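Worksheet: one structure, shown below.
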Amino acid sequence: MAELLITTIDGEDKTVEASPGTMMMEALRDAGLVEGTCGGVASCGTCHVYFPDKQMAGEHTEDEGYMLEGLADFVEIKDGSRLSCQVKVTQAHDGIKIAIAPEA
Ligand code: FES
């Protein structure tokens, strides 16, 4: 299990356990922290999170990049922005700090 240290939209700190090999959005959705409205196909933006920096965030998928560009009209996009439905959890995520982005 990877323990994700989450800051909610309200600024609360929570710990969420995520299984390596699953998509990060699933653990955040199951914890009630993101909606994941599109089911994980990078088309709703409701699973947007901020990683601490670009390196920790990893590379966007192409579809994800387009979605983040669209979100930029409504919410701040940071170097560490990712759609959590496009992030596969690995053990390297254990202890990582992630903030839930405001809703678009
Ligand atoms: S769940 Fe819709 S974009 Fe991630």
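Number of residues in the stretch 36-81 that are out of contact with any strand residue (DSSP E or B) (no Cβ under 6 Å at 6 or more places or on another chain), of a type in the set (D, E, K, R) and either touching a residue at least 40 places away in the same chain (Cβ under 8 Å) or within 14 Å of the ligand (Cβ to nearest atom) (or both): the value is 3.
Mind checking whether some residue in the stretch 32-48 is outside any loop (DSSP other than H, G, I, E, B) and of a type in the set (A, V, I, L, M)? Scanning the stretch 32-48 turns up no residue that is outside any loop (DSSP other than H, G, I, E, B) and of a type in the set (A, V, I, L, M). Exactly one residue out of Glu26, Glu64, Glu69 is among the charged types (D, E, K, R) and open to solvent by 90 Å² or more (accessible area, probe 1.4 Å): that is Glu69. Checked against (1) within 15 Å of the ligand (Cβ to nearest atom); (2) more than 13 Å from the chain's Cα centre (by Cα), Glu17 passes all but a single condition, namely (1). Any residue at all in the stretch 91-101 that's within 16 Å of the ligand (Cβ to nearest atom) and open to solvent by 80 Å² or more (accessible area, probe 1.4 Å)? Within the stretch 91-101, not a single residue is within 16 Å of the ligand (Cβ to nearest atom) and open to solvent by 80 Å² or more (accessible area, probe 1.4 Å).
The values are calculated or read from the model by the stated rules, or taken from the named source; none is laboratory data. Just so you know, these numbers come straight off a predicted model, no measurement behind them. Virtual Cβ from ideal backbone geometry, glycine too; neighbours counted across all protein chains shown. Ligands, DNA and RNA are stripped out before the accessible areas are found, and what is left, the full protein with its side chains, is counted by its heavy atoms. Shrake-Rupley method; radii C 1.70, N 1.55, O 1.52, S 1.80 Å.
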